Amino acid sequence: MKQARNGTAAAGFTLLEVMIALVIVATALMALLSLGNRSIDVHDRLQKTTRATMLAQYKMAEFETSGLPDGKNTESFAAPFDNYRWRFTVAETPLPSIIEVKVIVAWGDEKNNEAVDLTSFLLQ
């Protein structure tokens, strides 16, 4: 604040003080907005991962009750989950009556880690 000519303090802020305060407030608001956008992206990814995990559990339960399908080992889910696709692999174990079944549910690009896999051991 400046001193008035008569020696008393002038009331109010200078233009420079106001501009510095606005820069600080604008910087803080930009940081908060970018944080909000990041939070929305993380929520979307978590929602897709949770949905894919539940679909993998559903498909594994289907294999446990109905057996493994013949032929195709990769397909898409029915609507409303048609943007998710699943595939499974079967591997032998040291025990002849048990097999290792892995169900992979993917969305988007698997190379970008947009997939969930679930492994279980089933009796033949």
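The values are calculated or read from the model by the stated rules, or taken from the named source; none is laboratory data. Keep in mind that this is a model prediction, so the values were computed, not measured. Neighbour counts run over all protein chains shown; Cβ positions are idealised from the backbone, glycine included.
Within segment 42-54, count every residue that is without any contact (Cβ under 8 Å) to a residue 60 or more places away in the chain and buried (at least 16 other Cβ atoms within 10 Å of the Cβ). Even if it seems obvious, please write down each step before you answer.
To start, the set of residues in segment 42-54 that are without any contact (Cβ under 8 Å) to a residue 60 or more places away in the chain comprises 42-47, 50-51, 54.
So of that shortlist, the ones also buried (at least 16 other Cβ atoms within 10 Å of the Cβ) come out as 51.
The number of residues fulfilling the criteria is 1.
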*Exactly one of (1) within 14 Å of GLU62 (Cβ to Cβ); (2) over 19 Å from the mean Cα position of the chain (by Cα); (3) not charged (D, E, K, R) is unmet by VAL90. Its number?*
(1)
*asked:* If LEU32 meets every condition in (1) farther than 27 Å from VAL105 by Cα; (2) surrounded by 11 or more Cβ atoms within 10 Å (Cβ to Cβ) apart from one, which number is that one?
replied: (2)
*Quick check, is ALA28 small (Gly, Ala, Ser) and modelled with pLDDT of 90 or more?*
yes
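Just to be sure I understand, how many residues within segment 70-87 are surrounded by fewer than 10 Cβ atoms within 10 Å (Cβ to Cβ), charged (D, E, K, R) and either farther than 23 Å from GLU114 by Cβ or within 20 Å of the chain's Cα centre (by Cα) (or both)?
In the first step, residues of segment 70-87 are kept if they are surrounded by fewer than 10 Cβ atoms within 10 Å (Cβ to Cβ); the result is 70-72, 78-80, 82.
Restricting the remaining residues to those that are charged (D, E, K, R) gives 70, 72, 82.
Those left that are additionally either farther than 23 Å from GLU114 by Cβ or within 20 Å of the chain's Cα centre (by Cα) (or both): 70, 82.
Selection size over segment 70-87: 2.
Would you mind stating whether ALA61 is modelled with pLDDT of 90 or more and touching a Leu at 6+ places or on another chain (Cβ under 9 Å)? Walk me through it before giving the result.
Details: modelled with pLDDT of 90 or more: yes; touching a Leu at 6+ places or on another chain (Cβ under 9 Å): no.
In short, no.
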